[in-house]
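The numbers here are math on the coordinates, done by the rules we state, and not lab data. On a predicted model such as this, the values are computed, not experimentally measured, just so you know. Cβ atoms come from the backbone with ideal geometry, glycine included; neighbour counts cover every protein chain shown.
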Amino acid sequence: MKVSFLDFLRQSLQGEGPIHPLERKMAKRWVKERLKKLYPELRIDPDALERAYQELGIEPHEGAGKGACTVYEITLPHADNRL
């Protein structure tokens, strides 16, 4: 199958498409597994595990530059008493 140069150029400039919902779920599971390894007490408490995941504040943002794929930013909660 031949692709014209203009079609190739258009495809390369568009970047990646949105993330598939299954990949989003896999990423969430991976983060939760990492949390379980870091904090073993979360293994027996699924509600605390979900709260810990939500407190990370993982939010998708559109990337910039060539490709412009989705980027995930983690905002950690502020701990004023640790200063």
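Straight distance only, please: which lysines reach the Cα of K2 with their own Cα at less than 30 Å, same-chain residues fewer than 8 apart left out?
K66
May I ask you to derive the FRET efficiency for V71 and A48 from their Cβ-Cβ distance with R0 = 30 Å, giving the value to the nearest 0.05?
0.60
Please give the net charge around I74, taking every other residue with its beta carbon less than 11 angstrom from that of I74, where Lys and Arg add +1 and Asp and Glu add -1.
Here the count lands on -3.
Give me the net charge of V31's neighbourhood, meaning all other residues with Cβ under 14 Å from the Cβ of V31; Lys, Arg count +1, Asp, Glu -1.
The answer is +3.
Name the long-range amide H neighbours of T70: under 5 Å, sequence gap of 5 or more, or other chain; modelled H, no Pro or chain starts.
Amide H neighbours of T70, under 5 Å, 5+ apart: G63.
Efficiency by 1/(1 + (r/R0)^6): what FRET value for Y39 and L13, r their Cβ-Cβ distance, R0 = 30 Å, to the nearest 0.05?
0.10
What ³J(HN,Hα) values, in whole Hz, does the Karplus curve 6.51 cos²θ - 1.76 cosθ + 1.60 give for the stretch 35-41 when θ = phi - 60°, with x put for Gly and Pro?
These are the phi-based 3J(HN,Hα) values: 4, 5, 6, 6, 10, x, 5 Hz.
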